[in-house]
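In what follows, a single structure is set out as structure tokens and then discussed.
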Amino acid sequence: MVPAEAGYDAAGVPNQSKINPIMKLILPAFRACPVCGFAIKAEDSVYRLHDTYSRQATREELRRDQVSELDIFGHRICMLYSAMVCPFWRSSRSKFGKDSAFHGDGKRGPTPSLMGFRDYAVLVDATQPVAGPTAQQFVFVCRQLVEDTVFDDPFEAFADQYDRDRKATGGSLIRGRRRHYAPELGGVKRLQKDLMQVLGSLRTIPPDAIVDLEGREMGLFGSGWL
């Protein structure tokens, strides 16, 4: 399955190793999962897999009560699935590609984890573009850690959990409109339509708060503001 956050080239071929930057605005607006593209219920917590480096950085930020992330959060069951099917999570020796936007050596490391938070919000600079080569980098602010499960072998750690959760949730997580923009699901035309809706909302819906980030005033929008 191609993740909802993946980018596509002009021929409609997905690049699963690259996140489409604009999805970092569209998916949070609808509180949609970056894996399946369906909405995460308001009462459900949000999850993301962390390599050893990013987990340590997040744990350090928790001590300062200000956790920021660069990745979109999703359903717990979708993150369990990703941990088992993505080759990067299978070995401590796995590495991101050389052109990765992540930290230096890009290694998964020995203590990756599934981290969950009660909710998250996105910081938006109204003075900067949201798309194109000069687009701003969206930062997510996390609220209230609810889980930090360290693993080595994702199959050993999560296979039984995934099977139980899949049976328990049934089809309850895949309802409503899907924010996935594969060519067979509407592609670029549908993506542009949803983007216009999100941009319109930023002009009409006030942010939850104004935050100073390195001297820049940023609007803080809680996930699911649409």
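None of the figures in this text is laboratory data; all of them are computed from the coordinates on show. If you're wondering where the values come from, they're calculated on a predicted model, not measured in any experiment. Glycine also receives a Cβ, built like all others from the backbone with ideal geometry; neighbour counts cover every protein chain displayed.
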31 Å tail of the calculated P(r), the chain, as % of Cα pairs: 18
What's the extension gain from R203 to R190 if we count 0.36 nm per residue and subtract their Cα-Cα distance? 2.6 nm
Among K107, K24, K193, the residue with the largest mean-square fluctuation in a Gaussian network model of the chain built from Cα contacts under 10 Å is K193
Which residues make up the longest stretch of the chain clear of GluC sites (Glu not before Pro) that lie in a DSSP loop with no more than 12 other Cβ atoms within 10 Å, not counting the sites? 44-213
So how far apart, in nm, are the two label points at E214 and S94 if each is 7 Å from Cα heading toward Cβ? 2.9
Per the rule of 0.36 nm per residue minus the C-alpha distance, extending R64 to S172 adds in nm 35.2 nm
Let me test this: with uniform point scatterers at the alpha carbons of the stretch 170-214, what is the Debye-based log₁₀ I(q)/I(0) at q = 0.21, 0.27, 0.28, 0.31 1/Å? -0.83, -0.95, -0.97, -1.05
Hey, with R₀ at 25 Å, roughly what FRET efficiency would A57 and M1 work out to, going by the Cβ-Cβ distance, to 0.05? 0.30
Work from the charge dipole of the chain (Cβ charges, +1 for Lys and Arg, -1 for Asp and Glu, about the Cα centre) and give the residue of V13, T58, G215 farthest towards its positive end. V13
With the convex hull built on the alpha-carbon atoms of the stretch 55-169, volume per residue in Å³ sits at 140
Using 0.36 nm per residue, how much length does the chain from D163 to M84 gain when fully extended, once their Cα-Cα distance is taken away? 27.2 nm
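Which value, in Å to one decimal place, does the Kirkwood hydrodynamic radius take for the stretch 1-109 when every pair of different Cα atoms is included?
15.0
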Quote the relative contact order of the chain in percent (integer), defining contacts as alpha-carbon pairs under 8 Å separated by 6+ residues. 26
Cut-off 10 angstrom, C-alpha nodes, Gaussian network model of the chain. Which of G200, G170, G74 fluctuates the most? G170
Along the Cα-to-Cβ line of K41, 7 Å from the Cα, sits a label point; which residues in the stretch 168-194 have backbone N less than 14 Å from it? 168-176
